[in-house]
Amino acid sequence: MDEGLLQAWRDTDYRVRLSRGGWATIRIDAPLPAALVDGVGARGWGFITAWHPHSRPRALFANRAAQRSLLADLRALPGVAVAPAVGVGASGWREPSLFAVGIGVSRLDELAARYGQSAYVHGSVRSRAALRILEP
């Protein structure tokens, strides 16, 4: 695994849009922010995107189309709620993302693989946010 990429993921702010406005920021190895705890409850959650497969730049139109497809896939899953989100890197880059509640690691793995993602962030209210790396 490229150490620079790994550090970039660890340094990223994983921001979730709150229904009442504003953002809650998830950090790897930290508990879920208090503003998200009630909405998550006892369910698992994932922070995932379809942008830039395999961490390689891709055209804006292709990223947007893939993100719409990922959103449709998430909405089709029974019991899964989805909120808009964005990953914001320490150097200022931004990557539109989705915060899915009521989803397990196996389903997140499937979606990440389908959309060419090398990693995603996941957890529960009882665990710290974890980076799950899918590619060696």
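Applying 1/(1 + (r/R0)^6) with r as the Cβ-Cβ distance of Ala30 and Ala65 and R0 = 30 angstrom yields a FRET efficiency of 0.40.
A Gaussian network model of the chain, with springs between Cα atoms under 10 Å, assigns the largest mean-square fluctuation among Gly22, Gly104, Gly44 to Gly22. In this structure the chain gives 52 Å² per residue of accessible area when probed at 1.4 Å with all protein chains present.
Please quote Rg/Rh for the chain to two decimal places, taking the Kirkwood radius as Rh and restricting both calculations to Cα atoms. That ratio equals 0.92. Gly44 sits among other residues whose Cβ lies under 11 Å from its own Cβ, and their net charge, with Lys and Arg +1 and Asp and Glu -1, is +3.
Please compute the contact order of the chain in relative form: average sequence separation of alpha-carbon pairs under 8 Å and at least six residues apart, divided by the residue count, as a percent. It comes to 34 percent, rounded to a whole number. Each of Leu32, His54, Leu18 was scored by the projection of its Cα onto the charge dipole of the range 14-78, and the greatest displacement toward the positive side belongs to His54; charges sit on the C-beta of Lys, Arg, Asp and Glu. Using the rule -39500 (n - 2.57) for each DSSP H run of four or more residues, divided by the residues of the chain, the 222 nm mean residue ellipticity is -9000 deg cm²/dmol. Taking 0.36 nm per residue of separation and subtracting the Cα-Cα distance, full extension of the segment from His54 to Arg75 would add 5.2 nm. Heavy-atom accessible area for Glu95, with the other protein chains in place and a 1.4 Å probe, reaches approximately 40 Å². Legend: residues Ser55, Ser19, Ser91, sorted from most to least accessible area (1.4 Å probe; ligands, DNA and RNA excluded), read Ser19, Ser91, Ser55. Across the protein chains, with a 1.4 Å probe defining accessible surface, the residues Leu5, Leu108 rank Leu5, Leu108 from largest area downward. Taking Asp11, Asp73, Asp29 in turn, the Gaussian network model of the chain (Cα-Cα springs below 10 Å) assigns the largest fluctuation to Asp73. Seen from Ile26, the other residues with C-beta closer than 9 Å to its C-beta sum to a net charge of +1, counting Lys and Arg as +1 and Asp and Glu as -1. Sum up the charges of everything whose Cβ sits under 15 Å from the Cβ of Ala62, counting Lys and Arg as +1 and Asp and Glu as -1, but leave Ala62 out. Taking every other residue near Ala62 into account, the sum is +4.
The values are calculated or read from the model by the stated rules, or taken from the named source; none is laboratory data. Note that the structure is predicted; figures quoted are calculated from it, not measured. Note that each Cβ is placed from the backbone with ideal geometry, even for glycine, and that neighbours are counted across all protein chains shown. What goes into the accessible areas is simple: the full protein's heavy atoms, side chains included, and nothing from ligands, DNA or RNA. Shrake-Rupley method; radii C 1.70, N 1.55, O 1.52, S 1.80 Å.
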